[in-house]
Amino acid sequence: MCTTGDVGAEATAAAPRAADGPAVDPIALEPVDEVVITTLVDNVYDGLLAGQDGVRRASSAATVVAPQFEGGRTTPGLRAEHGFSALVTVRRGERSTTLLFDTGVSPDGMTANADRLGIDLGGVQGVVLSHGHWDHAGGLGGLAGRGPLPMTVHPLVWTRRRIAVPGADPMELPTLSRHALEAEGFAVVERREPSLLVDGCVLITGEIDRTTDFERGMPPPHQAWDGTSWRHDPLVLDDQALVVHVRGRGLVVLTGCGHGGAVNTVRHALRLTGVDRLAALLGGLHLSGTAFEPIVGPTVAALTELAPDLLAPGHCTGWRAHHALAAALPDAWVASSSGTSYTLAA
């Protein structure tokens, strides 16, 4: 739990600033032959969605006990909840490695979906948390006791936060406990800077450069405890993305909520790696609600200019942004749903 440090100073350090030209210390991100991203938890589950080239929809035939049916069982499909979790498998040659990126909001939602999809989470070789919000870390308990499991986080992932809407009682959000996670077998690795995993094939961005003039972060009710008082926490500095370079295709960028800004995040990844092509953007883009809908337009314009082959926004993106993105990028946009797998190959 973070009870020290100056959140105001942290926010000032990450405020929008010029970041033109190549990175001073570029990241040598090794290209992979294939990446498969399977959405284990998302806000939506649609069992009637059709697949397409590189996009495979869930075909879960798993059954559960339901005594009101003949035979006592039914086929429930997959869970949808206000959270996000994705399984990421990267392949170079004959070698594959699987990481878990976020874990959803409920203690058993991610594991229930994995079971129904026939996915053995025992094959996960590491966990990455996009940030500390409870709707991305709630399912960690489903991995407890599976032996030492590396977990990469930003140091501010332990920050106490609350939502303080004027006229209503403040609601403190669940805060992750490092002590509890380590007791459950997670080997926590804190990194503020970019870091490379899987023999240099997976980049965790660390803090996102804030370079656009429209992605301003969370509204005033989102607050953090700085050790003495609650203060506005607009930037959610622990927000980070997972990036893979698919050989000959470009970067695949996976976000949890994209609190750093979808455009900021993509530009940061391109600049860090020196790769000039965005192959895919997946995950939450946090464009939902009255505080964020005003930036849907400039976000769509910027992503249209980046021209990804695949755009699969989910979780906190919001229906207005989905409609705008689908209209602007009809050949790239794909409806997200729990259980969907996306494959990008060299």
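The values are calculated or read from the model by the stated rules, or taken from the named source; none is laboratory data. Computed from a prediction, not measured in an experiment: that's the story for all the values here. Neighbour counts are summed over all protein chains in view; Cβ atoms, including those assigned to glycine, are modelled from backbone coordinates with ideal geometry. Just the protein is used for accessible areas: all its heavy atoms, side chains included, with ligands, DNA and RNA removed. Shrake-Rupley method; radii C 1.70, N 1.55, O 1.52, S 1.80 Å.
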Seminar exercise, completed: For the chain, the accessible surface attributable to carbon and sulfur atoms (probe 1.4 angstrom, ligands and nucleic acids excluded) amounts in percent to 54 percent
For this session: Might you tell me the accessible area per residue for the range 38-137, computed with a 1.4 Å probe and given in Å²?
Result: 46 Å²
Exercise. Between (i) -0.24, -0.55, -0.98; (ii) -0.29, -0.63, -0.97; (iii) -0.20, -0.46, -0.83, which matches log10 I(q)/I(0) by the Debye sum over Cα atoms at q = 0.06, 0.09, 0.12 Å⁻¹ calculated for the structure shown?
Worked result: (iii)
Problem set entry | Estimated [θ] at 222 nm from DSSP helical runs (n ≥ 4, -39500 (n - 2.57)) normalised by residues in the chain, nearest 500 | -4500 deg cm²/dmol
Exercise. For the range 166-302, what class follows from the C-alpha gyration tensor (a ≥ b ≥ c being the square roots of its eigenvalues): rounded when a/c is under 1.5, otherwise prolate if a/b is larger than b/c, else oblate?
Worked result: oblate
Problem set entry | Hz values of 3J(HN,Hα) by residue in the range 281-292 - Karplus curve (6.51, -1.76, 1.60), Gly and Pro given as x | 10, 9, x, x, 10, 6, 10, 9, x, 4, 6, 10
Exercise. Can you list the HN-Hα couplings for the range 160-177, worked out from phi with the Karplus curve (6.51, -1.76, 1.60; θ = phi - 60°), rounded to whole Hz and with x for Gly and Pro?
Worked result: 6, 9, 8, 10, 10, 7, x, x, 10, 5, x, 10, 6, 8, x, 10, 5, 10
Problem set entry | ³J(HN,Hα) computed for each position of the range 301-313 - Karplus, 6.51 cos²θ - 1.76 cosθ + 1.60, integer Hz, glycine/proline x | 4, 5, 5, 4, 5, 6, 6, x, 6, 9, 10, 10, x
Exercise. How much net charge surrounds residue 230 when only other residues with a Cβ under 11 Å from its Cβ are counted (Lys, Arg +1; Asp, Glu -1)?
Worked result: +1
Seminar exercise, completed: Row for the range 80-169, column shape: gyration tensor on C-alpha, a ≥ b ≥ c, rounded if a/c < 1.5 i.e. under 1.5, prolate if a/b over b/c, else oblate; value prolate
For this session: If a/c stays under 1.5 just call it rounded; otherwise compare a/b with b/c (prolate if a/b is bigger, oblate if not). Do that for the range 64-217, with a ≥ b ≥ c from the square roots of the Cα gyration tensor eigenvalues.
Result: oblate
Exercise. Top mean-square fluctuation among 255, 205, 89, Gaussian network model of the chain, C-alpha springs under 10 Å?
Worked result: 89
For this session: With label points built 7 Å along Cα→Cβ from the Cα atoms of residue 183 and residue 44, find their separation and express it in nm.
Result: 4.0 nm
Seminar exercise, completed: With every protein chain kept in place and a 1.4 Å probe, the range 268-338 has an accessible area per residue in Å² of 37 Å²
Problem set entry | Loop-resident sites, the range 48-116, for GluC sites (Glu not before Pro), counting at most 15 other Cβ within 10 Å (DSSP) | 70, 94
Exercise. Among the DSSP beta bridges whose two residues both lie in the range 200-340, what percent are antiparallel, rounded to the nearest 5?
Worked result: 50 percent
